[in-house]
Amino acid sequence: MAQYEQDIAVYDSRRPDEPPDAHSRPTSEPAWVKWTLIAIAVLFLAALLLLPLLTVFTQALSKGLGAFFAAFTEPAGAAAIRLTLLVAAIAVPLNLVFGVCAAWAVAKYEFWGKSFLTTLIDIPFSVSPVISGMIYVILFGANSVLSPYLKDAHLQIVFAVPGIVLATIFVTFPFVARELIPLMQDQGTAEEEAALSLGANGWQTFWRVTLPNIRWGLLYGVLLCNARAMGEFGAVSVISGHIRGKTNTMPLHIELLFDSYNFAGAFAMASLLALLALVTLIAKTLLELRYGDHLAATRRH
Amino acid sequence: MDIRVQNLRKEFSRYPALNDVSLAVKSGELIALLGPSGSGKTTLLRLIAGLERPTDGRIFFGDEDASGKSVQERNVGFVFQSYALFRHMSVLENVAFGLKVRPRATRPHRSEIRRRALELLDLVQLSGLDKRFPQQLSGGQRQRVALARALAIEPRVLLLDEPFGALDAQVRKELRKWLREIHDRTGHTTVFVTHDQEEALELADRLVVMSQGKIEQVGSPDAVYDTPDNPFVFGFIGESSALPVEVDNGELWVGGRVIGLAAPDTPKGHAQLFFRPHDVELVPEGAAIAGVVAASRRVGGTRRVELEIGGAAQRVEIDLPFDHPAGEQTRIAFRPKRYRLYPAG
């Protein structure tokens, strides 16, 4: 998914040194091919992305603004929003730290089992989210090996917030690490070595050299991680137990409203989730513009 | 600060990169570690810096045993092959970094740091470029920023890894002269790694010729060039030609003929004769090495010819004046003016 978006970004950013008159180039096609391709792409995206998005918003507002806002203020809806934000607020920072650690280990060190670790990082991407939810139910559920200890400690994980957080962390783990590993591998360890040779300790080296070098990639990874954390359905659905007002996140609440024929409410909530996603997307685009500027600034002259 | 390296050994996953190396660098000296790639010269430099841990052996800075010290504690100025400038910092920030990260007790005041960084930029002739970022500089300028950054921490020794490796020939020559000047002015003990013999010969007070994780010879440029200890050094430094010869009766023989070179103290038997292609004299037929021109090409102001000695079995190269009439199949006889003999083996 991240790959796909990057491809689009590459396609959009024509090199500045490209001649404005591209018709003479041997690789250029006739105009009708170009416009047909563009039309197909635009129509396809409109039909598959724009139309549903419009539907979400029209449906959400079909019963008026009052009903629209009521969906957010009624207790179960408000609880779902709060829970979603809480889960994202816990899962994203944790994955930020884990992701940086994992990327650091993979990119800067050589150790036994490194390729295995790289594979492990990819597992959440390749496993169906439903399975990852089930893993935690089996691991921490009522009949699990761990359940006596959890009961003694009065820890409720399955069908409670901790389980939802765990499942979300699992599902969103690769976003930060995947974003950083190629970046850090590309940068190597030369600058870190230089910092150490100049007398900086490990902590100073990380804050002053490593982190500034990866900041844009890190932000990008965090944004993707956040979008997924708020939108995750499958894993959370299995482990949450769908307790209305308690363990229902926004996606689960939407499903619940939808199944009980409350379409206006479901779509109102969906529009909020879509809005959050759009904000993330816009933030990402702004970052890319900023990032591009940053790159261009350092390449000018 | 003089540096002593004692019986240093370094293995990378059981593969020895450096094998029992000992070396003494005098204070204020400019030393070149010279060798082909894989000879262990960069490993030796990184061990001195503390960027690698030795498998065995000791490193002394003056009288102090630095073997167990971290790279920070050793206080060395290290210039990396690809410069490793901090890409998100300006030139000034790069140079000031080493002072900025000092603990509060020894850190100079902000204005003092700035003053010193600007002074160093002046020393490396980069005044006015302090606000630029590394990507906005040419290779030669980056190299000089890297050096200023390394000098900023007032290092005890200066270590440079292939300092001019990534630069084009013209810039290299300029920077070489300039580095020599900086060294003479600051008086730092300096060790640099290079695979470029011309650079090493021109720049260094002493050369350390390395091959396969061992030191082959240590000496002044003159000593290493004129009296190489072994065939490797002879072949690696400067142009060389080699020819198998027989030693008998204090004379050298090729193909059953005396070639007019004396070997007074050499025992009878096989040996390898080494000489420089430009260091030969042409002689009329007689007691000399004689051969037939097999190939000839123009090299600068001379003509280098390849001679077949005794049929196609052996080939040596010698230099002729560019206007020498020799063509293919011309028979030429010569004697090396200076030569070295090494036991065959």
- line: Those helices (runs of 4 or more DSSP H) completely within the stretch A:21-106 that have 3 or more residues that are within 25 Å of A:LEU256 (Cβ to Cβ) and open to solvent by 50 Å² or more (accessible area, probe 1.4 Å) are A:51-60, A:64-73
statement: Of (1) away from every other protein chain (no Cβ under 14 Å); (2) open to solvent by 10 Å² or more (accessible area, probe 1.4 Å); (3) touching an Asp or Glu at 6+ places or on another chain (Cβ under 9 Å), B:ARG46 satisfies every one except (1)
message: So in the stretch B:53-76, with the set limited to residues that are in a loop (DSSP other than H, G, I, E, B) and open to solvent by 40 Å² or more (accessible area, probe 1.4 Å), which one is farthest from the other protein chains (Cβ to nearest Cβ)?
response: B:ASP63
query: Quick one: is A:PHE263 over 19 Å from A:PHE173 (Cβ atoms) and either touching an Asp or Glu at 6+ places or on another chain (Cβ under 7 Å) or touching a residue at least 24 places away in the same chain (Cβ under 8 Å) (or both)?
result: yes
- request: Scan the stretch B:155-179 for residues that are in contact (Cβ under 8 Å) with a residue 40 or more places away in the chain and in a loop (DSSP other than H, G, I, E, B) and jot them down.
  value: B:PRO155, B:ARG156, B:GLU162, B:PRO163, B:GLY165, B:ALA166
message: As an exercise: evaluate B:GLY139 against (1) of a type in the set (Gly, Ala, Ser); (2) surrounded by fewer than 22 Cβ atoms within 10 Å (Cβ to Cβ); (3) touching a residue at least 40 places away in the same chain (Cβ under 8 Å) and give the number of the one condition it does not meet.
response: (3)
task: Please go through the stretch B:77-121 and pick out each residue that is more than 12 Å from every other protein chain (Cβ to nearest Cβ), open to solvent by 50 Å² or more (accessible area, probe 1.4 Å) and over 34 Å from the mean Cα position of the chain (by Cα).
output: B:ARG104, B:ALA105, B:HIS109, B:ARG110, B:SER111, B:GLU112, B:ARG114, B:ARG115
message: Take the conditions over 17 Å from the mean Cα position of the chain (by Cα) and open to solvent by 40 Å² or more (accessible area, probe 1.4 Å) and apply them to A:ASN201. Does it pass?
response: yes
- prompt: In the stretch B:229-275, what residues are open to solvent by less than 20 Å² (accessible area, probe 1.4 Å) and under 13 Å from B:ARG335 (Cβ atoms)?
  reply: B:SER241, B:LEU243, B:VAL245, B:LEU252, B:ILE259, B:LEU261, B:LEU273, B:PHE275
statement: In the stretch A:175-194, anything open to solvent by less than 30 Å² (accessible area, probe 1.4 Å) and either in contact with a His (Cβ under 8 Å, 6 or more places away or on another chain) or more than 7 Å from every other protein chain (Cβ to nearest Cβ) (or both) is listed as A:PHE175, A:VAL176, A:ALA177, A:LEU180, A:ILE181, A:MET184, A:GLY188, A:GLU192
task: Among what's in the stretch A:112-161 and is over 13 Å from A:ILE239 (Cβ atoms) and among the aromatic types (Phe, Trp, Tyr), pick the residue that is surrounded by the most Cβ atoms within 10 Å (Cβ to Cβ).
output: A:PHE125
- prompt: Only one of these conditions is not met by B:GLN170: (1) open to solvent by 30 Å² or more (accessible area, probe 1.4 Å); (2) away from chain A (no Cβ under 13 Å); (3) in contact with a helix residue (DSSP H, G or I) (Cβ under 9 Å, 6 or more places away or on another chain). Which number is it?
  reply: (3)
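The values are calculated or read from the model by the stated rules, or taken from the named source; none is laboratory data. This is a predicted model, so every value here is computed, not measured. Don't worry about glycine lacking a Cβ; one is built from the backbone with ideal geometry, like all the others, and counts go over all protein chains shown. For the accessible areas, the whole protein counts, side chains as well, though only heavy atoms, and no ligand, DNA or RNA atoms are used. Shrake-Rupley method; radii C 1.70, N 1.55, O 1.52, S 1.80 Å.
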